[in-house]
1. In the set 299, 329, 274, which member is surrounded by 14 or more Cβ atoms within 10 Å (Cβ to Cβ), closer than 30 Å to residue 192 by Cα and among the charged types (D, E, K, R)?
2. Being more than 28 Å from residue 237 (Cα to Cα), out of contact with any Gly (no Cβ under 6 Å at 6 or more places or on another chain) and either surrounded by 11 or more Cβ atoms within 10 Å (Cβ to Cβ) or modelled with pLDDT of 90 or more (or both) narrows it down to one of 23, 42, so name that one.
3. Hey, among 322, 360, which residue is of a type in the set (A, V, I, L, M, F, W, C), crowded, with 23+ Cβ neighbours inside 10 Å and more than 18 Å from residue 246 (Cβ to Cβ)?
4. Any residue in segment 179-186 that is more than 30 Å from residue 84 (Cα to Cα), in contact with a strand residue (DSSP E or B) (Cβ under 6 Å, 6 or more places away or on another chain) and either surrounded by 12 or more Cβ atoms within 10 Å (Cβ to Cβ) or at pLDDT 95 or above (or both)?
5. Filter segment 328-357 for residues that are farther than 20 Å from residue 242 by Cβ and more than 19 Å from the chain's Cα centre (by Cα) and give the result.
6. Counting only residues that are of a type in the set (Lys, Arg) and touching a helix residue (DSSP H, G or I) at 6+ places or on another chain (Cβ under 6 Å), which one in segment 188-235 is farthest from residue 356 (Cα to Cα)?
7. Tell me which residues, restricted to segment 103-133, are surrounded by fewer than 15 Cβ atoms within 10 Å (Cβ to Cβ) and basic (Lys, Arg).
8. Pairs under 6 Å by beta carbon, first residue farther than 21 Å from residue 188 by Cα in segment 204-221, partner surrounded by fewer than 19 Cβ atoms within 10 Å (Cβ to Cβ), six or more apart or different chains?
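The values are calculated or read from the model by the stated rules, or taken from the named source; none is laboratory data. Worth saying up front: this structure is predicted, and the values here are computed from it rather than measured. Ideal geometry is used to build each Cβ from the backbone, glycine not excepted, and the neighbour counts take in all protein chains shown. The protein model used for the area step is the full one, side chains on, heavy atoms only, and it has no ligands, DNA or RNA in it. Shrake-Rupley method; radii C 1.70, N 1.55, O 1.52, S 1.80 Å.
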Amino acid sequence: MKRKVLFLITVFTFIIFLGTSVYSKSNQLSTREKVSDFKYMYNTIKDGYPYLDVSTRCNNINWLGNKDKYIKRIKNTKNDEEFIKEISDILSELNNRHTEVVDNKKRYEMFKKAYSKNNWYDFLNDKKVIDRYDSMNSNIKMFEGIRLKKELILKDVLKDSVGYIYLPSMASRNGSMEKDLNMIGDYINTLDNYKALIIDIRGNIGGSDSYWQEIVSKLINDDITVNGYRVYRTNSKLIKDYTDLRNIKLESIEKLPQNIKKNAPKEVFENFSDFENTFYTIKANNNCKFKGNIYLLTDEKVYSSSEFFAMFCKETKFATLIGQTTGGDGGGLDPVLFKLENSGLIVRMSSGMYLNKDGICDEEVKTIPDFKVNDCERTKNFEDDNCIKRVLELEKIKY
């Protein structure tokens, strides 16, 4: 009888072991692993993320104070797919488009390729990371908005009077920035006697600062210099390592100019340790014969490098802004990446806060247009476009 009981116990134990082995082969994360990854992400945000207080003021969400609620949400996920969605949703409550979970294979491959030329992120080739993204689909989330075809457009609103350049991105849709800039330059060369030029960046969520700076250089006859400040929380090892890798010249936060101290968010002097003094000089092409007015069309989707262009236009009076207040977070460095150890997921995080020459935080204030247009959606026809109508009104031109 004892042998029979012992045999049954052995069989039962084997079944449990087999069941556990089968489960582990399914590569599903345990609750402990999921919570551990969340806590690591939480602490990384807590120590290095620049906009915690900005988010609280603008969105009325105490992200750090929601820790226990977030852990409960993580524990309630039933599989990896639910975990990825939940941790992504939690991060989205910071309302910063530079701070996100990389949640599909195509975006992972994009970042892997982009950083392949340097040694900043060796974990992008980790087997666990590769396996994680191999198991995911390649769909990219699309921002809601206009459904018009998003390609570079160079076309007169009114022949020989008002020019129009539509920039869907601050990067070439055809893979060649040089080709785009040559086309834009050729079009600008036809505008000699035009009254106005409209540059449309509605729906433009960013790309490269050099893209818009090259365009500006074709429209100015004198160099333009803009300065500002990036402030960092280098007490975070992640941020410290990142600024070191970028060879950024940092100064102690106490050395910020007095006028910056008057306007900057109070947490800059409480939670930040260092700053970088930034200067951007755009060299004039010196061949520009266009002397008319320039208008920039904006909406709430304008972000990152396109936001920086809007800031530049407003600050230097390069262009008059028409439309809606922008999305923010312009003027900063690339977001920093880090890995969640158990899941192999990659997280992006804004690396620093940009302050303009007066100390104003762009992510908090954004860029407010000179002339607000409530319904500023881009339309198929110029004559139906409210922002373009406003430009023509200002120019005293009838369509």
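1. Numbers: 329 fails: closer than 30 Å to residue 192 by Cα; 274 fails: closer than 30 Å to residue 192 by Cα.
Step by step, each of 299, 329, 274 is checked, and only 299 is surrounded by 14 or more Cβ atoms within 10 Å (Cβ to Cβ), closer than 30 Å to residue 192 by Cα and among the charged types (D, E, K, R).
2. Numbers: 42 fails: more than 28 Å from residue 237 (Cα to Cα).
Just a single option satisfies the conditions, and that option is 23.
3. Values: 360 fails: crowded, with 23+ Cβ neighbours inside 10 Å.
Just a single option satisfies the conditions, and that option is 322.
4. no
5. Of all residues in segment 328-357, those farther than 20 Å from residue 242 by Cβ come to 328, 342-344, 356-357.
If the condition is that a residue be farther than 20 Å from residue 242 by Cβ and more than 19 Å from the chain's Cα centre (by Cα), then 342, 343, 344, 357 are the ones that fit.
6. Start the filter on segment 188-235 by keeping residues that are of a type in the set (Lys, Arg), which leaves 195, 202, 218, 230, 233.
Within this subset, residues satisfying the condition of being touching a helix residue (DSSP H, G or I) at 6+ places or on another chain (Cβ under 6 Å) are 218, 233.
Working: 218: 24, 233: 18 Å.
Selected residue: 218.
7. Result: 106, 113, 117, 127.
8. Listed by first residue and then by second, the contacts come to 207/171.
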